[in-house]
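Worksheet: one structure, shown below.
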């Protein structure tokens, strides 16, 4: 298949489809869901896409007839969220005994409450898999070794070129036209059509404001005030962007032993390239001199951590920590044994041992937790022992370290 980029999810998706009669594959628009499914299952599944207006109209006007066309064969239904009532009808079909002989894959670019309800009803028969835009390792595979190596170059590549497959396979480096069309599609098809948001201009302004506040704590009242909307509207719009996997809300680590810690999540974009487009950053010079550079670098590290886990079929247990007296840990990764791995992210090339002091304080303050040796990553490519078992990694080394959680 021309311009196809191999995805990590290919390592386990066929096995999941074999095990579960119904699989939902969910991720943002243009993350590569359709091409992936056509590539892997082209000889064993029949493909239907509700992006086709004729097929979509047929499914909307007579959902039972549409279902009768797919339930007697292994079927893929792309963007089923465009006709959500189909899920209600399919749920009724799925309740009937003896419906395990065929396999069904439903892709969608929006979270939908009924999907979780269906999974809860049939935990042994339903699986949900997430596909986000390309991660670091997937981009490297496509480049055949011609990929950025230094932390600075990786940052520049992801920030200015993004990580959506269509951008990566396109040799033209001006990504602004692509992001413009992408954003318009999200606004028209997801925000307006599915969520019935009419004021798209204010919503786009809201999204741009969020980009300028990436890697920072979510302040709903402040966002609402700046845009001129109610707090409830701001909360709803955040929920829409989260369900569309445009943004990810990093939760604070739950407080223990009565210690006062922040309860507010932080905002991260799933693609730092989109954040840069919304802010208006177009060149390397603008990127590194931007007042947002520190936050954008942190966004890159968090988004790649998130994508690594999802593309390895691991539910990410990742958090941050901020206490009432100012102690902050950028990232805490909880492994399958409930051990905690603190990570500090620094936008600097000059590493000093005292930069790890927050992890040292965290370890001493939370003695009741199973805290492992800390890690730090930055623009520096040096591997440095920071004392007390803590290590500084380059960005690429940090991302490779994530393989230890698999």
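Brief remarks on what is shown
- Unique residue being exposed (fewer than 14 other Cβ atoms within 10 Å of the Cβ) and in contact with a helix residue (DSSP H, G or I) (Cβ under 8 Å, 6 or more places away or on another chain) when the list is 106, 65: 65
- Residue list for segment 355-377, restricted to those being within 24 Å of residue 296 (Cα to Cα) and touching a helix residue (DSSP H, G or I) at 6+ places or on another chain (Cβ under 7 Å): 374, 375, 376, 377
- Residue match in segment 113-121 (condition: part of a helix (DSSP H, G or I), surrounded by 17 or more Cβ atoms within 10 Å (Cβ to Cβ) and in contact with a helix residue (DSSP H, G or I) (Cβ under 8 Å, 6 or more places away or on another chain)): yes
- Elements of type helices (runs of 4 or more DSSP H) in segment 274-377, at least 2 residues being surrounded by fewer than 19 Cβ atoms within 10 Å (Cβ to Cβ) and modelled with pLDDT under 95: 357-365
- Evaluating residue 130 against the criteria (1) closer than 15 Å to residue 396 by Cα; (2) in contact with a helix residue (DSSP H, G or I) (Cβ under 8 Å, 6 or more places away or on another chain); (3) surrounded by 15 or more Cβ atoms within 10 Å (Cβ to Cβ) leaves one unmet condition, (1).
- Of all residues making up segment 218-251, the number that are touching a residue at least 60 places away in the same chain (Cβ under 8 Å) and crowded, with 18+ Cβ neighbours inside 10 Å: 5
The values are calculated or read from the model by the stated rules, or taken from the named source; none is laboratory data. Quantities reported herein were computed from a predicted structural model and do not represent experimental measurements. All Cβ positions, even for glycine, are placed from backbone atoms using ideal geometry, and neighbour counts span all protein chains on display.
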